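S.K.: For reference, the structure I am asking about is given below.
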Amino acid sequence: MKDKIEVITTGDGSSSLYNPQLDETYHSSHGAITESRHVFIQEGLDFIYSGQEEINILEVGFGTGLNAILTLEKAETIKTKINYVTLELYPLEMKLIDELNYKSYFPKTLQEKYEVLHKADWAKAVEVTPNFTLTKLETSLENYETDQLFDLVYFDAFGPRKQPEMWTADFLAQATKPMKKGGTLVTYCAMGQFRRDLKSLGLAVEKVPGPPGKREMTRGVKV
Ligand SMILES: C[S@@+](CC[C@H](N)C(=O)[O-])C[C@H]1O[C@@H](n2cnc3c(N)ncnc32)[C@H](O)[C@@H]1O
């Protein structure tokens, strides 16, 4: 699947990837960085942040590592320790990562950290900075098992039309099970069935204005 992936430029000038086999991009064509900042940082991390000393985040779909580097950037600003666990079934080749232009958006120190995120060993907790520990797991959400509990889930799978199994109640249960009570899940998707499934899994679900090109996104809080 990974061989034919192409680099594209999105509406805000930042790169993304296009997977021709799925006919799907890794981010919104209206702007990769804009989407990632809006959905995951602003409506996720900023939403839950209230001065905690430590925050556990689970990401479904590490992909280009864009959400991870933006989260690391935020961890440094708020000076909070973030334990970031990310699942990826199809890790990307470094050659492809090197073609993305994300580093041009960051100061030098963060540019270096972006490389560190990608070169970090899999299945190991790696302290990238004192405020950001990364654990990359090469696994499907379907098979993910953990005792760890999360404050925040970034649900960043490919879209429901392209990878429908990821949005079924069974897969969603895998992502919501390790959430703390009061924990939050955010995603760019606002599909009705998906929101109903989240509710049936015990989340209070709200629609939130989406990033450019998307009227709404979803946020759920475990009750
Ligand atoms: C929308 S892209 C993720 C974008 C990523 N967060 C980023 O910033 O680049 C979806 C990601 O989910 C991964 N993926 C696909 N099936 C998966 C599965 N069953 N379990 C975990 N990850 C999966 C894909 O390989 C892809 O990297």
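S.K.: Among the residues of region 59-86, which ones are near the ligand (Cβ under 7 Å from one of its atoms) and over 23 Å from Thr146 (Cα atoms)?
M.R.: Narrowing region 59-86 to residues near the ligand (Cβ under 7 Å from one of its atoms): 59-67.
The answer is Thr64, Leu66.
S.K.: Can you give me the number of residues within region 75-86 that are of a type outside the set (D, E, K, R) and either assigned to a helix (DSSP H, G or I) or surrounded by fewer than 20 Cβ atoms within 10 Å (Cβ to Cβ) (or both)? Walk me through it before giving the result.
M.R.: Pass one, region 75-86, residues of a type outside the set (D, E, K, R): 75, 77-78, 80, 82-86.
Adding the requirement that they be either assigned to a helix (DSSP H, G or I) or surrounded by fewer than 20 Cβ atoms within 10 Å (Cβ to Cβ) (or both) leaves 75, 77-78, 80, 83.
Residues flagged as of a type outside the set (D, E, K, R) and either assigned to a helix (DSSP H, G or I) or surrounded by fewer than 20 Cβ atoms within 10 Å (Cβ to Cβ) (or both) within region 75-86 amount to 5.
S.K.: Checking Leu89 against (1) part of a helix (DSSP H, G or I); (2) within 13 Å of the ligand (Cβ to nearest atom), which single condition isn't satisfied?
M.R.: (1)
S.K.: Please list, ordered by first then second residue, the pairs with beta carbon atoms under 6 Å, 6 or more apart or interchain, first in region 13-36 and within 14 Å of Met217 (Cβ to Cβ), second of a type in the set (A, V, I, L, M).
M.R.: Pairs found: Ser36/Leu66; Ser36/Leu70.
S.K.: Is it the case, given these coordinates, that Ser29 is under 17 Å from the mean Cα position of the chain (by Cα), within 13 Å of the ligand (Cβ to nearest atom) and closer than 12 Å to Leu100 by Cβ? Before you say what the answer is, go through the steps one by one.
M.R.: On the way: under 17 Å from the mean Cα position of the chain (by Cα): yes; within 13 Å of the ligand (Cβ to nearest atom): yes; closer than 12 Å to Leu100 by Cβ: no.
No, not satisfied.
S.K.: Would you be able to say whether some residue in region 38-53 is at negative phi, within 13 Å of the ligand (Cβ to nearest atom) and outside any helix (DSSP H, G or I)?
M.R.: Scanning region 38-53 turns up no residue that is at negative phi, within 13 Å of the ligand (Cβ to nearest atom) and outside any helix (DSSP H, G or I).
S.K.: Starting from region 155-181, take each residue that is touching a residue at least 40 places away in the same chain (Cβ under 8 Å) and list its partners that are hydroxyl-bearing (Ser, Thr, Tyr) and in a strand (DSSP E or B), counting only C-beta distances under 6 angstrom and pairs at least six apart or across chains.
M.R.: If the second residue must be hydroxyl-bearing (Ser, Thr, Tyr) and in a strand (DSSP E or B), the pairs left are Phe155/Thr187.
S.K.: Further, regarding this structure: Scan the strands (runs of 3 or more DSSP E) fully inside region 106-223 and keep the ones with 3 or more residues being away from the ligand (no atom under 12 Å from the Cβ) and farther than 17 Å from Leu66 by Cβ. Let's see the steps before the verdict.
M.R.: Working: elements: 125-129, 132-137, 150-155, 179-187, 203-209, 216-222.
Once the strands (runs of 3 or more DSSP E) in region 106-223 are filtered for at least 3 residues that are away from the ligand (no atom under 12 Å from the Cβ) and farther than 17 Å from Leu66 by Cβ, what remains is 125-129, 179-187, 203-209, 216-222.
S.K.: So, one more: Which ones in region 54-65 are in a loop (DSSP other than H, G, I, E, B) and either free of Cβ contacts under 8 Å to residues at least 40 places away in the same chain or of a type in the set (Ser, Thr, Tyr) (or both)?
M.R.: Of the residues in region 54-65, the ones in a loop (DSSP other than H, G, I, E, B) are 61-65.
Correct list: Thr64 only.
S.K.: On to the next question. For region 101-121, indicate whether the set of residues that are buried (at least 21 other Cβ atoms within 10 Å of the Cβ), closer than 25 Å to Pro211 by Cα and touching a strand residue (DSSP E or B) at 6+ places or on another chain (Cβ under 9 Å) is non-empty.
M.R.: Within region 101-121 (the criterion being buried (at least 21 other Cβ atoms within 10 Å of the Cβ), closer than 25 Å to Pro211 by Cα and touching a strand residue (DSSP E or B) at 6+ places or on another chain (Cβ under 9 Å)), the answer is yes, since at least one residue qualifies.
For every residue, the table says whether it meets (1) within 18 Å of the chain's Cα centre (by Cα); (2) among the basic types (Lys, Arg); (3) farther than 28 Å from Lys81 by Cβ; (4) at pLDDT below 95.
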site	(1), (2), (3), (4)
Glu138	yes, no, no, no
Glu142	yes, no, yes, no
Leu149	yes, no, no, no
Cys189	yes, no, yes, no
Gly192	no, no, yes, no
Glu216	yes, no, yes, no
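S.K.: What are the pairs, 6+ residues apart or on separate chains, where a residue within region 186-210 that is touching a residue at least 60 places away in the same chain (Cβ under 8 Å) and of a type in the set (Ser, Thr, Tyr) has its Cβ under 7 Å from a residue that is surrounded by 13 or more Cβ atoms within 10 Å (Cβ to Cβ) and part of a strand (DSSP E or B)?
M.R.: Between residues of region 186-210 that are touching a residue at least 60 places away in the same chain (Cβ under 8 Å) and of a type in the set (Ser, Thr, Tyr) and residues that are surrounded by 13 or more Cβ atoms within 10 Å (Cβ to Cβ) and part of a strand (DSSP E or B), the close pairs are Thr187/Phe155; Thr187/Met217; Thr187/Thr218; Tyr188/Met217.
The values are calculated or read from the model by the stated rules, or taken from the named source; none is laboratory data. Keep in mind that this is a model prediction, so the values were computed, not measured. Virtual Cβ from ideal backbone geometry, glycine too; neighbours counted across all protein chains shown.
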